[in-house]
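Participant: Take this structure, written in structure tokens, and hold onto it; I'll ask about it next.
Read-outs: derived from the displayed coordinates by stated rules, not from any lab. All of these numbers come straight from a predicted model, not from anything done at the bench. Neighbour counts are summed over all protein chains in view; Cβ atoms, including those assigned to glycine, are modelled from backbone coordinates with ideal geometry.
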Amino acid sequence: MVIGKLQPLEFTDCLLDSPEFRENLNQHEKELEKTSQQIKRIIKEVKDLLAAAKNLSRAQRTLSKSLNEFNFECIGSTQTDDEQVIADSLKQFSKLISAIEEERDNMLDRAHDQIVGPLEEFRKCHIGGVKENKKKYDKKTAKFCQAQERFLNMSSKKPGSAVVEADASLGMLEREYLQESLSYVLGIQEVQERIKFEFVEIILRFISDWLVFYHLGHEVAEDAKDYLSDLQLKVQKTRENFDETRQKAQELKHRYMESKMKPESEYTKQGYLFLMEKKAFTATWSKYYCTYKKQSKKFSMLQFNQISGRSQSSTEVLTLASCTRRLSEFEKRYCFDLIFEERPAITYTFQALSEEDRKAWLNAMDGKEPTYLAPATNHNEDGHLDEVGFAFVRKCIEVLERRGLEEEGLYRIGGVSTKITKLLNMGLDRKKTEKDRLMFFNDEQSSDVLESKTIASALKHYLRNLNEPLMTFRLHHSFISSAKQETRQGRLSDVHQLIHRLPKNHFEMLDIVIRHLKSVALKSDKNKMSVFNLGVVFGPTLLRSAEETVAAILDIKFNNVVIEILIDNYDKIFKTQPGKTTDYL
């Protein structure tokens, strides 16, 4: 607000009522009118601002409601603790927005009574009051001036008594006029002074209310600071889990594409077949999804086409009587005939997707030209958990711990594959004595192969390629279920009991590895390998499913949780016997 430079209205000037006084008074009146219009505009803009704030509040509450109603779909049966926090985060965001909007609503509710009302009252009573006084002042001025002119225009022939009476009347009017003039001048100056404190005081209250609202919003933000920081860490950990899961899923996808391997299931064989359906003068081929259980000889067929995405009928289940390969002279390739016990007079002709697929169906249903679905597994000699492996692992750990475990990215940053292979071949060479095998670690000429990242990668490679993981295929599902327990006590209790159910050599090797990983985690301020990071690296190494599926890959995050539990509770799990759940409080 700019304060204009006006000359004060002196009472002596008011009594003289000179042209200069009138000009000065006129300047004061114009300035007051200008101020009135400015206040009027401010009132309108405050009302617009309050309306906009209410619209913003409604929009914020709409967003808050949408965030609160948003649901995360969970792939898999259970979420990790971090995923549960993340899934609940939008509801927490909704609460934060609602808390801030509550304060905004309180401020807006007070705004009319504390801001708009007082501004309108100030303009109406004080500035409006001066305008009313001006009307009275102008009326008194006109009345006095007219009476003065009439008095001066009286004839000199008027009797003396009439002149005295007129003079007395004029004196009374002059007194009233001067009284009104002084009151008007005083009123103008008072309202101009009031603007400096009463008007500014109202605006100050308005600004203070806004600042209090912002401060309360800041306090809400401060209260949520720890939660938001923790959430950011959990989101980052989930992103890292996703990257690991995506990589494993990509690898599995490539293996499926290259070998066309089929996952294990309750069915001996399943897949799409085309069924020949004879019409009056022709034959049509319809696509069916078929399954076969060898033990019960149950064959099911459901007409289905992926393009339409709809099944054309219900699933039909029949009992297989015979399976015969179609002659190559038949009009279609890769065909075979099935006869079912329920309809012995009808021959069903199916077309497989390839020659290999047909042989697989024939083999599954004991038809002609049987063939084996998959070659026998070739077990790697280096995958044995024996004394050679124990000695190799102990030596790797000894060398790494002697170096201090402070190298950044230990176990996360891989070594050169050729160096890793050379180290594995030397350290696991069963044709040599233990002394000769481990002498390699002290050979100065092999120093380029003995980088910390190479040794760490070789150790991890050995553990990952055991014929059976340290935590066994048999207990894999139980370990995953333990990680899905709702409480920390339940998870720790179950993992503790499962660890002590491992075969002796598996338990001993796992003890060695987890003790070492605990030492690595203690140096995380230097090597950046926190318990979480070690869980990500060693989860799929120490705990893996016998069957590689997308579901198993999605459960890798629970593998990581199990490893984190082992590292965080190494002494409790490996050095004490399992107890009751209450022992883990």
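Participant: Mean shadow of segment 1-141, computed from the convex hull of its alpha carbons, in nm²?
Facilitator: Working: hull surface 50.7 nm².
The Cα convex hull of segment 1-141, projected and averaged over all directions, gives 12.7 nm².
Participant: Work out how far the C-alpha atoms of segment 442-585 reach from end to end along every principal axis, then list the three figures in whole Å, largest first.
Facilitator: Result, largest extent first: 54, 33, 29 Å.
Participant: Between SER354 and ASP366, what is 0.36 nm times their sequence separation minus the Cα-Cα distance? Round to one decimal in nm. All intermediate terms of the calculation are to be shown ahead of the outcome.
Facilitator: Details: separation 12, 0.36 × 12 = 4.32 nm, distance 1.81 nm.
Answer, rounded to one decimal: 2.5 nm.
Participant: Next up: With r defined as the distance between the Cβ atoms of SER481 and GLU331 and R0 fixed at 30 Å, what FRET efficiency is calculated, to the nearest 0.05? Display every interim value, and only then the final one.
Facilitator: Numbers: r = 53 Å, r/R0 = 1.77.
Once rounded, the FRET efficiency stands at 0.05.
Participant: For the chain, take the longest principal axis of its alpha carbons; what is the angle in degrees between that and the long axis of helix 556-568, to the nearest 10 within 0 to 90?
Facilitator: Relative to the chain, helix 556-568 is tipped by roughly 90 degrees.
Participant: Aspartates and glutamates near LYS5 by alpha-carbon distance under 17 Å, same-chain residues fewer than 8 away left out - which ones?
Facilitator: In chain and number order, the partners are GLU20, GLU23, GLU29, GLU31, GLU33, GLU190, GLU193.
Participant: Calculate the spin-label point distance for SER286 paired with GLU198, positioning each point 7 Å from the Cα along the beta-carbon direction, and give it in nanometres.
Facilitator: According to this spin-label approximation, the distance is 9.2 nm.
Participant: Moving on. Spin-label point model (7 Å from Cα, Cβ direction): what's the THR576 to THR421 distance in nm?
Facilitator: With each label placed 7 Å out from Cα toward Cβ, I get 4.8 nm.
Participant: Helix 488-499 against the longest principal axis of the chain: what's the angle in degrees, Cα atoms only, rounded to the nearest 10?
Facilitator: Value to nearest ten degrees: 10.
Participant: Here's a follow-up. Could you state the angle between the C-alpha long axis of helix 128-152 and the longest principal axis of the C-alpha atoms of the chain, as a value from 0 to 90 degrees rounded to the nearest 10?
Facilitator: 20
Participant: Another question about this same structure. How many angstrom lie between the Cα centre of segment 458-516 and the Cα centre of segment 139-212?
Facilitator: 100
Participant: Something else about it: Once you order the gyration tensor axes a ≥ b ≥ c over the Cα atoms, which shape class does the chain get: rounded for a/c under 1.5, otherwise prolate or oblate by comparing a/b with b/c? The partial results should precede the final answer.
Facilitator: Numbers: a/c = 4.85, a/b = 2.39, b/c = 2.03.
Prolate is the answer for the chain, as a/c is 1.5 or above and a/b outweighs b/c.
Participant: Just want the ordering: ASP243, ASP494, from fewest to most Cβ atoms lying within 10 Å of their own Cβ.
Facilitator: Arranged by neighbour count, lowest to highest, ASP243, ASP494 become ASP243, ASP494.
Participant: Over the chain, calculate the relative contact order: mean separation of alpha carbon pairs under 8 Å at least 6 apart, over the residue count, as a percent. All intermediate terms of the calculation are to be shown ahead of the outcome.
Facilitator: Details: 625 pairs, mean separation 60.3, N = 585.
Once divided by the residue count of the chain, the mean separation gives 10 percent.
Participant: Could I ask something else about it? Using a cut-off of 20 Å between alpha-carbon atoms, which aspartates and glutamates can reach LYS278, once sequence neighbours fewer than 8 places away in the same chain are excluded?
Facilitator: GLU316, GLU329, GLU331, ASP337, GLU342
Participant: Sticking with this one: Beyond a 29 Å Cα-Cα separation, which of these cross-linked pairs lie in this structure: LYS419/LYS504; LYS422/LYS572; LYS54/LYS225; LYS432/LYS528?
Facilitator: On the way: LYS419/LYS504 32 Å; LYS422/LYS572 37 Å; LYS54/LYS225 27 Å; LYS432/LYS528 37 Å.
The pairs that break the limit, which is 29 Å between Cα atoms, are LYS419/LYS504; LYS422/LYS572; LYS432/LYS528.
Participant: In addition: When you count, for each residue, the other Cβ atoms within 10 Å and take the mean per peptide, how do 46-53, 555-562 rank with the highest first? Show your work: numbers first, answer last.
Facilitator: Working: 46-53: 14.2, 555-562: 25.2.
Put in order of decreasing packing, that is 555-562, 46-53.
Participant: Here is a follow-up. So how do TRP210, TRP361 line up by other beta-carbon neighbours within 10 Å, fewest first?
Facilitator: Numbers: TRP210 15, TRP361 24.
Exposure proxy ranking, most exposed first: TRP210, TRP361.
Participant: Now for a different question. Add -39500 (n - 2.57) for each DSSP H run of 4 or more in the chain, then divide by its residues: what number comes out at 222 nm, to the nearest 500 deg cm²/dmol?
Facilitator: On the way: 21 runs with 348 residues, N = 585.
Rounded to the nearest 500, the figure is -20000 deg cm²/dmol.
Participant: What distance in nm separates the simple spin-label points at GLN148 and LEU56, each placed 7 Å from Cα in the Cβ direction?
Facilitator: Going by the 7 Å Cα→Cβ label model, 5.8 nm.
Participant: Would you kindly state how much longer the chain becomes between LEU522 and ALA87 on full extension, computed as 0.36 nm times their sequence separation minus their alpha carbon distance, in nm to one decimal? Don't skip to the end; give the middle numbers.
Facilitator: Working: separation 435, 0.36 × 435 = 156.60 nm, distance 3.08 nm.
Taking LEU522 through ALA87 to full extension adds about 153.5 nm, to one decimal.
Participant: A further question on this structure: Write down Rg/Rh for segment 269-364, rounded to two decimals, with Rg from the C-alpha atoms and Rh from the Kirkwood relation over Cα pairs.
Facilitator: Details: Rg = 13.0 Å, Rh = 13.8 Å.
A ratio of 0.94.
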